[in-house]
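Here the structure comes first, spelled out in structure tokens, and everything after it is commentary.
Quick note: the coordinates plus some simple rules give every number you see, no bench work behind them. Because the structure is a prediction, the values reported are computed rather than measured. Cβ atoms come from the backbone with ideal geometry, glycine included; neighbour counts cover every protein chain shown.
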Amino acid sequence: MGGRAHLVGIKALKSGLMLSILRYADELRDPKPYFENINAELNTEAVGLAKELIEAESGPFEPDKGVCWDNRSQSKVSGFGS
């Protein structure tokens, strides 16, 4: 992880938690330049794959199991390339 710290808000959302990074007004940028030149077409195959991935990785929040996404990913790639 990087060395930056962020002020966040956490709230219950349906059967999970939602984390939002809180920002000061002077940190916000106008979103128009980022989106005005996007002219993508919907790829139904990619949408189906995304839904499948979300469904496969979704589940109840179980903090007492002690495994978070970062830990699982790190264990999968530890030793990769060595």
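Go through the range 4-66 and name the GluC sites (Glu not before Pro) that are in a DSSP coil and have 15 or fewer other Cβ atoms within 10 Å of their Cβ.
Listed in order of number, the matching sites are GLU36, GLU41.
Along the charge dipole of the range 1-59, which of VAL47, LEU19, SER58 sits closest to the positive end, that is, farthest toward it, with unit charges on the beta carbon of Lys, Arg, Asp and Glu (+1, +1, -1, -1)?
Ranked along the dipole, the leading option is LEU19.
Count the net charge of all other residues whose Cβ sits under 13 Å from the Cβ of SER58, scoring Lys and Arg as +1 and Asp and Glu as -1.
Overall, the nearby charge balance is -2.
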